[in-house]
Structure formats: C-alpha cells, structure tokens
Amino acid sequence: MSRRLRLETAHGWIGAYRSDPAIPPKGALVVVQEIFGLNRHIRAVVDRFAEHGYIAMAPAMFDLVDEDVELDYDEAGVQQGRELAGGVGFDRAVDCVRAAAKQLESDAKVGVVGFCWGGTVAFLSNARLSLPAISYYGGRSVPFLGEKIEAPMLFHFGEHDPIIPPEDVEEHRRRQSGAEFFVWDAGHGFNCDQRDDYRPDVAALAMERTLGFFGRTLK
C-alpha cells in the first residue's frame, strides 16, 4: 500500500511518499532522492523496498525551496536539480531524514538508503543520526569524510563513474575503513532505469547486497 503524506520537519512541512509491505515489516527505510526530486523512479524504489518487506518513505526534500519537483534526466534537469540541492543544503536534508525516521521509528528499526546526492545525505545521516545507511554513488561525500560513521555503513560505487573518480573511492576506503564497499562494473546511476547508465544486472546484484545489509542491521 502506498500513499502520499505530509511530514513536519524543523524547517517546515514537506511532502513524502510512503509504501508499506503486505507482511509484518522487516524494518523501515528512509529513501533519499537524487537531485531530480521525488520523481517516478524514487517512488518506484520506495515501492520495491516495500515489496521486499520494508516500510519505506521518501521525503520530498526539495519542497523546502520549491514544491512538487520532478525533473527529467537531461541537462536541464541536472542544472535545475543542482541549484535546488544547493538551496536545500546537506544540513537541512539530514533534518528531513531525522523527521522521517522519527515518524517511522514506532513501526520498526530505521535505516537510510540514498542515491547520488541522496547517497551523501545517507552517509551524513549515519554520522550525525547514528542510523544504519547505504550510499549509492554518493558523489559529494569527500568533503565530509572526516565525520565518523556511528552505525553500520555500506557504499556502492561504479568503477566507470565519470563523476566519482577512483581516487575518491579510495579516499572513502581509507577514511571510512569500518564501512563495507562494493565497486561494480558500471557507471554512475546504474540503479536508475531512467538513466543511460542503467545496468539491470548490476542493480539486481547491488539490491541483493542492500537487502542483506538491512537484513543484518535492522533486526
């Protein structure tokens, strides 16, 4: 069952999309969007986690600066998304995760999974909110790697990602040695079926690792 709802944050009300499993939940997940808003892809990700037995909720973080944003995966979408992400900022994004996690914590133990910009938000949610987290190709995390993870952490990267060079991946490994890492034979955005870099085979394998991680950490 999926529905849209309103979520109160420290910075005002925003929208959110939530999906609940048909079975007793294995856990609850805050799903953090890319720079393209709470779009069809992110809603599909939320629904997919529910199909695997998790309550999942994606806050519409861009509502803090512009409501109901859904951008295309093109040059114009990238430009607008970067501006919106900059307007929200990482501190307020983490506060949105905090609000979503607070709403979910009465239902089940909470984790976070984020994609691209949201991957960095997921990492910061681990360091600042002590939530188990998974970052998919979080390309903006390097400036924050001095922050210590406070819960189990997993990073997914693409070996051929033009946005995240190998030296940045190695910097993650060096400075976050307590985390798990998977580097896949893929580019950026390999989990998103709306992108040219989509790799269904890699996305499926990464999902297996993701489900295994949350199966261990959200018991």
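Note on the stretch 56-89: residues that are in contact with a strand residue (DSSP E or B) (Cβ under 8 Å, 6 or more places away or on another chain) and of a type in the set (A, V, I, L, M) amount to 9. In the stretch 174-200, the residues that are closer than 16 Å to residue 133 by Cα form Cβ pairs under 8 Å with partners that are of a type in the set (A, V, I, L, M, F, W, C) and assigned to a loop (DSSP other than H, G, I, E, B), at six or more places apart or across chains, as follows: 176/145; 176/149; 178/149; 179/149. Scanning the stretch 158-214 for residues that are surrounded by 20 or more Cβ atoms within 10 Å (Cβ to Cβ), part of a loop (DSSP other than H, G, I, E, B) and β-branched (Val, Ile, Thr) turns up just one, 164. Within the stretch 168-177, none of the residues are farther than 29 Å from residue 148 by Cβ and not aliphatic (A, V, I, L, M).
Just to be sure, is residue 147 closer than 20 Å to residue 190 by Cα, over 12 Å from the mean Cα position of the chain (by Cα) and not basic (Lys, Arg)? Against the criterion (closer than 20 Å to residue 190 by Cα, over 12 Å from the mean Cα position of the chain (by Cα) and not basic (Lys, Arg)), residue 147 does not qualify.
The set of residues from the stretch 99-125 being in a helix (DSSP H, G or I), over 18 Å from residue 168 (Cβ atoms) and free of Cβ contacts under 8 Å to residues at least 40 places away in the same chain comprises just one member, 102. Within the stretch 1-26, the residues that satisfy the criterion of being over 15 Å from the mean Cα position of the chain (by Cα) and either of a type in the set (A, V, I, L, M, F, W, C) or on the phi > 0 side of the Ramachandran plot (or both) are 1, 5, 7, 10, 12, 13, 14, 22, 23.
Looking across the stretch 3-35, just one residue is within 22 Å of residue 215 (Cβ to Cβ) and hydroxyl-bearing (Ser, Thr, Tyr), and that is 19.
Look at (1) of a type in the set (S, T, N, Q); (2) under 15 Å from residue 29 (Cα atoms); (3) touching a residue at least 24 places away in the same chain (Cβ under 8 Å) and you find that residue 135 fails only one, number (3).
Bear in mind these aren't lab numbers, they're just calculated from the coordinates by the rules spelled out. These numbers come from a predicted model, not from an experiment. Methodologically, a virtual Cβ is constructed for each residue, glycine included, from the backbone with ideal geometry; neighbour enumeration extends over all protein chains shown.
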